[in-house]
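Note sheet for the following structure.
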Protein chains: 2
Amino acid sequence: MSAKVWLVGAGPGDPELLTLKAVRALREADVVLIDDLVNDAVLEHCTGARIIPVGKRGGCRSTPQAFIHRLMLRYARQGKCVVRLKGGDPCIFGRGGEEAQWLREHGVDVELVNGITAGLAGATQCDISLTLRGVARGVTLVTAHTQDGSSLNWQALAQGGTTLVIYMGVAKLSEIREQLLAGGMAADTPVAMIENASLPHQRECRSDLTAMEQAASDFQLKSPAILVIGAVAARATTTLWEQGLPAMTADQSA
Amino acid sequence: MSAKVWLVGAGPGDPELLTLKAVRALREADVVLIDDLVNDAVLEHCTGARIIPVGKRGGCRSTPQAFIHRLMLRYARQGKCVVRLKGGDPCIFGRGGEEAQWLREHGVDVELVNGITAGLAGATQCDISLTLRGVARGVTLVTAHTQDGSSLNWQALAQGGTTLVIYMGVAKLSEIREQLLAGGMAADTPVAMIENASLPHQRECRSDLTAMEQAASDFQLKSPAILVIGAVAARATTTLWEQGLPAMTADQSA
C-alpha cells in the first residue's frame, strides 16, 4: 500500500463549514497534525486518531516546518492514514502547495481537500459581498506577511478595481494605508476589519482607509483578523448596487 | 415565525465539497431553487423538498432574476424553508449579495452559507497552489463577463503580482491576452485552463499567455472553465519554490 497524506482545509472556524470530504478524511485518520488556528471542535469527527498539535502555542515559536514534513513522512511510511489539518484552505496562505510538493518528491501520495478560507467567510458573515455587479468585478486575497520573499505591487492593487481582502494585516495597518494611499486609492474607501471570522465571538469594526488604524486601536482589534477594503465594505450597500446596476433581466449566477 | 431564505453555495461540482452547513440546509428545505451549474448529486441530501430549476437550460434564456426573487419571497412568506442553491460560493460571482439585500428589504431573514468556489477547487485539483511563498503572495479572482457595469483595470491586474483566476473567460481569451500583454505581463506567463473543475470529467490544458487561445482551440476547451494565469500555473513548480524561498524554519500556516 502506498503512503498517503491528506492536506485538508478545516475552514475558517465554524465547524459546520467543514466539507464532507474533510469529514471523511478525519474519520479515516490514524494521525492528525493540527495547526493552531484550527477549531478543535472539528476533531469530533475523528475516530481514535492520534492528534498532534504543530502550530504556535502560547507565544512559543512555531513548530519548524522541516519537523512537520518529517512527521508526516514518518507516519505515512508506517502505513498510517495521515491528515494534515490547516485553517481555511490549504492552498490559500497555508503552505499546502509546498508540503504537497515535498511529500510527492519523497514518494508519498497527496490528496488536497479545499476549505472555506477565512476572508470569504468573514465577509459573508458581515453581509459583505466581495464581488457585486456594478461595484466590484473581482476580489484579491493577499497576505501582509512580509517574511515571504515575493513582492506585492500595492499601487497595482490599489488600482485594480477589485475588493481587497488582506490576511495577517493587523500589525501592518499603517504600512497598508500608506501604500494604498500612495497607489491612488481614495482616502474614504470603506474598510471592514473582522476578528475571529465565522466564530460565535466574531467581531467587526467598520472604518475607512484613512481612519482604519485609529479605529482598530479603539476597537482593540486582535489577530487573527481579516481586512476587507473596497466599496462593498460600506455599511449600506443597497444604494451601491441599485445605482450601479444594469437592469435585472438575466441570471448571471455561476 | 419569520420568513427565511438560505442562500447556499453548493461548491464547485464534487458533491463531497459541500459543507456540513449546506447539508443541514438541504435536509431542512421545503423548496430548493437550484442553479444550472449545481451538480444534481447534492440533492441527495434533500428530504422531500420541491426542487425548482432556475438556471439556463439547453440554450434557453435564463430565468429572469426578478422572477427568482418573487419565487423566493412567495415560498418564504408561506412559511416554507427555502434554499437557494448556487454553484460555488454565493458571494463570488453568484449574486448572493444582491439577493440577500433584496430579500431583507422585503422582510425576509437571510442566512448565507459559503461554498468552495470553482477557481480554488480547479487549481487545487490540478496541483496548482494559487499562493506560494516566494512566487505569489496573493490571488485575484475576476470575471471576464462584461455585462457587469463595473470596470476592471487589466493593466493593474497584470502588474499586481498576484495569481489571476478568471471565471467565464473561455469566449474572451483573445481580449484577455491582449489586455494583459498591454498591461506588461510577460508573454510566456504560464496559463492553466481547467474545464469542469473538481468533477470526474475535469480536463486541464496548460499553455502560456501568448499561446493560450490556440491551445484552448486545439483542446476544444468548453465552458464552464477557469483560467489560472501566473507563475504558479507552470507545470513544474518545484524549482519555483525551491529557488524563491527563504529557509523553511517557521510555520507561517494560517
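Would a scan of the stretch A:30-51 turn up a residue that is assigned to a strand (DSSP E or B), in contact with a strand residue (DSSP E or B) (Cβ under 7 Å, 6 or more places away or on another chain), closer than 26 Å to residue A:222 by Cα and within 11 Å of chain B (Cβ to nearest Cβ)?
Keep residues of the stretch A:30-51 that are assigned to a strand (DSSP E or B), which gives A:31-34, A:50-51.
Those still in the list that are in contact with a strand residue (DSSP E or B) (Cβ under 7 Å, 6 or more places away or on another chain) too: A:31-34, A:50-51.
So of that shortlist, the ones also closer than 26 Å to residue A:222 by Cα come out as A:33-34.
Filter again for within 11 Å of chain B (Cβ to nearest Cβ), leaving A:33-34.
Within the stretch A:30-51 (the criterion being assigned to a strand (DSSP E or B), in contact with a strand residue (DSSP E or B) (Cβ under 7 Å, 6 or more places away or on another chain), closer than 26 Å to residue A:222 by Cα and within 11 Å of chain B (Cβ to nearest Cβ)), the answer is yes, since at least one residue qualifies.
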Practice task
Might you check whether a residue that is under 30 Å from residue B:71 (Cβ atoms) and of a type in the set (Phe, Trp, Tyr) occurs anywhere in the stretch B:145-158?
Solution key: no
Handout entry: Candidates A:173, A:152, filtered to the one that is more than 30 Å from residue A:5 (Cα to Cα) and part of a loop (DSSP other than H, G, I, E, B)
Key = A:152
Exercise for the section: Could you look through the stretch B:143-155, keep only residues that are more than 7 Å from chain A (Cβ to nearest Cβ) and touching a helix residue (DSSP H, G or I) at 6+ places or on another chain (Cβ under 6 Å), and pick out the one that is modelled with the highest pLDDT? Expected result: B:154
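For residue B:171, are the conditions met, namely being at pLDDT below 95 and away from every other protein chain (no Cβ under 13 Å)? Let's see the steps before the verdict.
Working: at pLDDT below 95: yes; away from every other protein chain (no Cβ under 13 Å): yes.
Taking the combined requirement at face value, the residue satisfies it.
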Exercise for the section: Can you work out which of the residues in the stretch B:220-251 that are closer than 24 Å to residue B:121 by Cβ and either among the charged types (D, E, K, R) or surrounded by fewer than 17 Cβ atoms within 10 Å (Cβ to Cβ) (or both) is modelled with the lowest pLDDT? Expected result: B:238
Problem - Per-region count, the stretch B:11-29, residues within 11 Å of another protein chain (Cβ to nearest Cβ) and on the phi < 0 side of the Ramachandran plot - result: 13
Exercise for the section: Return the residue satisfying two criteria in turn: it lies in the stretch A:1-51 and is under 18 Å from the mean Cα position of the chain (by Cα) and free of Cβ contacts under 8 Å to residues at least 12 places away in the same chain, and of such residues it is surrounded by the most Cβ atoms within 10 Å (Cβ to Cβ). Expected result: A:16
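Could you grab me the full set of residues in the stretch B:100-120 that are farther than 21 Å from residue B:23 by Cα, part of a helix (DSSP H, G or I) and touching a residue at least 12 places away in the same chain (Cβ under 8 Å)? Quick ask: steps written out before the conclusion?
If we filter the stretch B:100-120 for residues that are farther than 21 Å from residue B:23 by Cα, which is where we start, we get B:101-108, B:119.
Filter once more, keeping what is part of a helix (DSSP H, G or I): B:101-105, B:119.
Scanning the stretch B:100-120 gives B:102, B:103, B:119.
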Exercise for the section: Could you check how many residues of the stretch B:77-97 are part of a helix (DSSP H, G or I) and buried (at least 24 other Cβ atoms within 10 Å of the Cβ)? Expected result: 2
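Condition check ((1) of a type in the set (A, V, I, L, M, F, W, C); (2) within 7 Å of another protein chain (Cβ to nearest Cβ); (3) under 25 Å from residue A:234 (Cα atoms); (4) in contact with a Leu (Cβ under 8 Å, 6 or more places away or on another chain)) across all residues:
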{"residue": "B:91", "(1), (2), (3), (4)": "yes, yes, yes, yes"}
{"residue": "B:100", "(1), (2), (3), (4)": "yes, yes, yes, yes"}
{"residue": "B:110", "(1), (2), (3), (4)": "yes, no, yes, yes"}
{"residue": "B:119", "(1), (2), (3), (4)": "no, no, no, yes"}
{"residue": "B:124", "(1), (2), (3), (4)": "no, yes, no, yes"}
{"residue": "B:130", "(1), (2), (3), (4)": "yes, yes, no, yes"}
{"residue": "B:157", "(1), (2), (3), (4)": "yes, yes, yes, yes"}
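Does residue A:193 meet the test of being in a strand (DSSP E or B), at pLDDT 95 or above and not polar (S, T, N, Q)?
Numbers: in a strand (DSSP E or B): yes; at pLDDT 95 or above: yes; not polar (S, T, N, Q): yes.
For residue A:193, the condition - in a strand (DSSP E or B), at pLDDT 95 or above and not polar (S, T, N, Q) - is met.
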Exercise for the section: Go through the residues of the stretch B:152-163 one by one and say whether even a single one is touching a residue at least 40 places away in the same chain (Cβ under 8 Å) and of a type outside the set (Lys, Arg). Expected result: yes
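The values are calculated or read from the model by the stated rules, or taken from the named source; none is laboratory data. All values derive from a computational prediction rather than experimental measurement. We place every Cβ from the backbone using ideal geometry, glycine too, and count neighbours over all the protein chains shown.
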